[in-house]
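Structure record follows, encoded as structure tokens.
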Amino acid sequence: MIGLALAYMRDRPLTVALNALLLAIAVATLVLLLQFSTQAGERFERDARGIDLVVGAKGSPLQLVLSSVYHIDQPTGNIPQGALAMLRRDPGVAQAVPLALGDNFEGFRIVGSDTGFLTLYDARLAQGVAFEAPGDAVLGADVARRTGAGLGQKFIGSHGLESGEEDGQGHDHAPFKTVGILAPTGTVLDRLILTSIESVWDVHGIAHDDDQAGHDAHEHHADQDHHEEAAGPAGLEPEITAVLVRYRNASGAMRIPSQINRQSALQAAVPATESARLLGLFGSVIEGARLFGWLLAISAGLSLFVALWSATRAREGDLALLRVMGATPAAVFATILLEGLLIAGIGALAGIALAHGLIALAVGSFPTLAELGLVATRVLPGEAAILAAVLGIGLIAAIIPAIRIFRVDLARTLARLS
């Protein structure tokens, strides 16, 4: 019966291809939406795990979270270094991790922080050691893999958070040296270059209390004028971009955000709240597109039904001859069903392959999608449900034409052919 179903499909290739294409487009739409919503949601949850609050400059809370937790937007500004000390003194704060942003290397953000940033993500070193001295840098797993950088290699950061923003403004006077490479974490950490906050200040010629770390006074003063000339005017105050906060107790969660927001220069944003708001903004769009995908799949099923109905009417003579030659009604019925299932299966598998191919193409073309960590090779359990649903549509579309076989009058059909 399979051979006969395939022969019938080869007999009308354009009709089969059209129905399979409609189903493939519908399935590709549904798989793309499933992949994006699932992977983006999981990535947002992983990247924000353990971070209860983000403190930064006044502006959009969502922008603050995107820039400081997910590293996919511009910061809202800088805040005084004293904000970190204030948070660390608060009894409701278990951990306060500073961030200093502003530069990149080949599109990967250079993040100034302390070793507490590594503990937020339970990161471990695959090679080398953690950053200590000014200029030390630890590379995330993806950074090391895509740049090919190894231990001991020096590189120069460029001003701006994204590749192409720097306009040739490289910080030649203060190169970084790779001292460690992190093991993969599956979080945003894999795409970051970590260094000390003092290193970020040194790169921009900002004087600070720890300027002497790793240098003697003579070397520092000899280089200070060059730093200021290359990176900015003298007299810049040491600032940070944001602080990632982990609460010690529930009372801190109730008190600290309002306390921060009352200050004129600071704002507090909750990653969980802002992530839910972001996903909510996309939620209605995704649901609308998903509805369109299912409507397209049903339309393809109706098209398949019409095609099989017409084909069955055109083949009445052939099917009658099969009955006379000994084929049972059940076998002929199964042939029609199998044809519908094969067309639906071809369309569904082609749609799944198309969706994964489009994800790979999009990740390679759009840096933001790559930063979200979308993986084209990942197969989700929901794809099996979509495949089963489309096969069900193909089966339903074939049932009525197949039932028609039982109503064919063999004698009258054969007499008409003679």
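Coordinate-derived values only; no laboratory data. Everything quoted here is computed from the prediction, not taken from an experiment. Here the Cβ positions follow ideal geometry from the backbone for every residue, glycine too, while neighbour counts run over all protein chains shown.
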Long-range amide H contacts for residue 125: which residues qualify at under 5 Å (H placed 1.01 Å from N, peptide plane, sequence gap of 5 or more or a different chain)?
183
Apply the Karplus parameterisation 6.51 cos²θ - 1.76 cosθ + 1.60, with θ equal to phi minus 60°, to every residue of the stretch 56-61 and state each ³J(HN,Hα) to the nearest whole Hz, in sequence, with x for glycine and proline.
x, 6, 4, x, 6, x
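Quick one: order 132, 339, 274 by neighbouring beta-carbon count within 10 Å, fewest to most.
Details: 132 12, 339 28, 274 22.
The order, fewest Cβ neighbours first, is 132, 274, 339.
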Rounded to the nearest 0.05, what FRET efficiency do residue 306 and residue 126 give with R0 = 51 Å and r taken as the Cβ-Cβ distance? Could you check?
0.30
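Nearest 0.05, what FRET efficiency do residue 370 and residue 183 give at R0 = 22 Å with Cβ-Cβ as r?
0.65
Starting from the Cα-Cα distance between residue 292 and residue 253, subtract it from 0.36 nm times their residue separation and give me the gain in nm to one decimal.
Details: separation 39, 0.36 × 39 = 14.04 nm, distance 4.15 nm.
The residue 292-residue 253 span can extend by a further 9.9 nm.
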Label model pair residue 362, residue 133: point-to-point distance (7 angstrom along the Cα→beta-carbon line) in nm is 4.6 nm
Going 7 Å from the Cα of residue 277 along its beta-carbon direction, which residues of the stretch 88-122 have the amide nitrogen within less than 17 Å of the resulting point?
none
The exposure ranking of 179, 243, 379, fewest beta-carbon neighbours within 10 Å first, is 379, 179, 243
